[in-house]
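A short worksheet on the structure shown next.
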Amino acid sequence: MKAIIGTGISACAHASLNLEADFYDKARFPGGRMSSKPFEGKFFADIGATYFKNSVEIQKDGRIYKRSLVDWLKSKGIQAKTYSLDGNSSMSFCETGMQSIAERLLSNKTVHFRKELKKIYKTENDKTSKFQLEFTDGSQGFYDEVVITAPLPQAIELLPEGEIQNIWKEFTSPYNHYRKTLVACGYWKNLNSKTYLELLNLENKSFLRKGNDAEYISIESSKLINIDNVSQQNREFSIRNQKASPFDSEQIKDSGIVIMIQFSEKFSESYFGRWKSSSGEPTDTCYEQFNLQINKFFTGLPSPDRVRSHQWKYAQAENSMLGKTGILNLEHKNFKDYQAIVKNSGIALTGDWIYGPRIERIFMGEIERISI
Ligand SMILES: Cc1cc2nc3c(=O)[nH]c(=O)nc-3n(C[C@H](O)[C@H](O)[C@H](O)COP(=O)(O)OP(=O)(O)OC[C@H]3O[C@@H](n4cnc5c(N)ncnc54)[C@H](O)[C@@H]3O)c2cc1C
């Protein structure tokens with residue numbers, strides 16, 4: 001039996017192959033860095049990954065295959081929408097929030113939330129014994145195989161001390177660097193109708209501004225479904241019953257708007273500790289910076305009624321083994337060495353440190369890896 005630690009997109013790849021496994025996550029919801037938060041009971045905003053590309057090319061068995069994540073999701077009953085980012089590319093997203101991809105793919109699996117893995121134990125030199133998983137609440141589990149999808153610095157700490165940990169530590173050291181990212185979402189309860197419609201009718205919903213402090217700006221409420229007081233548990237139900245479409249402004253009765261900013265690495269490094277108070281609320285610095293950046297972009301917008309913020313300590317793997325773009329080469333020597341370590345140790349560490357921090361690469365890459 002297999003244990004999978006995490007319920008993000010890496011874990012979803014395992015879930016969608018219908019292999020038997022128990023899933024554990026320290027969080028209360030699935031999705032990991034594919035996380036969507038409710039906003040004032042009316043909107044969802046993606047605060048981690050916000051979009052993905054349709055397809056990825058994979059090199060395997062001496063050939064290059066094109067794999068479509070949009071088609072894969074469709075086969076599982078998940079519809080992706082596409083939109084143009086800064087007018088030059090076709091991006092996909094889920095109008096019920098990126099988190100809902102994980103909710104759907106894991107819906108018929110055994111998932112244990114609020115279960116934080118503390119340590120894995122294994123009797124040295126005993127290839128036949130099971131892995132003993134110890135959780136922070138004192139409970140235990142025994143498994144033949146373990147897949148850890150947590151970011152590398154956290155994953156390494158969980159491994160059994162001794163040979164297994166040392167081998168993994170040495171092998172993964174070139175890929176251990178993650179960038180930090182700060183995110184803030186502003187909510188305007190009732191914008192004057194002119195500004196509201198101007199924002200809603202912009203051709204693009206999201207804007208990439210590489211090299212600026214505010215690196216990515218997205219009008220999340222025009223992208224994601226208006227949940228209109230529907231509770232998280234009833235979200236599926238409301239979608240089935242055709243609630244307002246986010247692209248049809250006439251159907252959105254509420255003139256509230258949510259705009260999300262993802263800050264650059266340089267900015268995030270210097271403001272990281274000043275972003276949230278000890279009680280989890282955004283600090284004055286966060287409000288100031290959000291207003292400053294939003295006004296550079298949308299001149300004349302008043303201060304939002306509320307800001308929510310998030311600190312991603314391990315936002316994105318910087319030196320992934322198979323690169324961040326281009327063909328995913330599963331014939332690469334490093335990848336073959338990796339597969340050998342997985343086989344010998346009985347533990348697989350996986351995620352964006354292998355495939356690059358892109359949803360479609362992680363998902364399709366992991367599916368192919370398991371199928372080899
Ligand atoms: C702000 C931001 C924006 C991004 N934007 C994009 C984008 O637009 N497009 C894109 O393609 N990618 C984007 N990315 C990258 C993408 O989100 C990640 O690469 C991807 O989601 C990683 O998925 P994963 O399943 O490998 O890891 P994660 O999603 O991190 O999943 C790991 C899971 O393990 C759980 N976990 C960790 N430790 C333990 C433990 N000890 N016990 C139990 N559970 C544990 C965590 O709670 C988590 O749910 C973005 C990332 C961030 C942070």
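The values are calculated or read from the model by the stated rules, or taken from the named source; none is laboratory data. Given the structure is predicted, the values throughout are model-derived calculations rather than measurements. Note that each Cβ is placed from the backbone with ideal geometry, even for glycine, and that neighbours are counted across all protein chains shown. Just the protein is used for accessible areas: all its heavy atoms, side chains included, with ligands, DNA and RNA removed. Shrake-Rupley method; radii C 1.70, N 1.55, O 1.52, S 1.80 Å.
Observations
- In region 246-372, the convex hull through the Cα atoms has an average projected area of 12.6 nm², a quarter of its surface area.
- Quick note on region 25-117: its Rg to Rh ratio, both from C-alpha atoms and Rh being the Kirkwood radius, is 1.03.
- Per the Debye calculation on region 252-325 with a single equal scatterer at every Cα and no solvent contribution, log₁₀ I(q)/I(0) for q = 0.13, 0.20, 0.25, 0.28 Å⁻¹ amounts to -0.51, -0.95, -1.24, -1.42.
- In a DSSP loop and with at most 10 other Cβ atoms within 10 Å, the trypsin sites (Lys or Arg not before Pro) in region 1-110 are ARG28.
- Between region 61-90 and region 282-351, the alpha-carbon centres lie 20 Å apart.
- Surface per residue (accessible, 1.4 Å probe) for the chain, Å²: 46
- Under 28 Å from the Cα of LYS194 - lysines, other chains or at least 8 residues apart: LYS37, LYS42, LYS81, LYS205, LYS223, LYS243, LYS253, LYS296
- At 0.692 mPa s and 37 °C, Stokes diffusion of region 79-199 via Kirkwood alpha-carbon radius, µm² per second: 171
- Across the chain, the convex hull enclosing all Cα atoms gives 142 Å³ per residue.
- Of the trypsin sites (Lys or Arg not before Pro) found in region 287-342, the ones in coil according to DSSP and having at most 16 other Cβ atoms within 10 Å of their Cβ are LYS324.
- Calculated log₁₀ intensity ratio I(q)/I(0) where the Debye formula runs over C-alpha points of region 111-160, q = 0.16, 0.32 Å⁻¹: -0.46, -1.36
- Cβ-defined net charge surrounding LYS169, 14 Å radius [Lys, Arg +1; Asp, Glu -1]: -4
- Ligands, DNA and RNA left out, the accessible area of the chain computed with a 1.4 Å probe is 46% carbon and sulfur.
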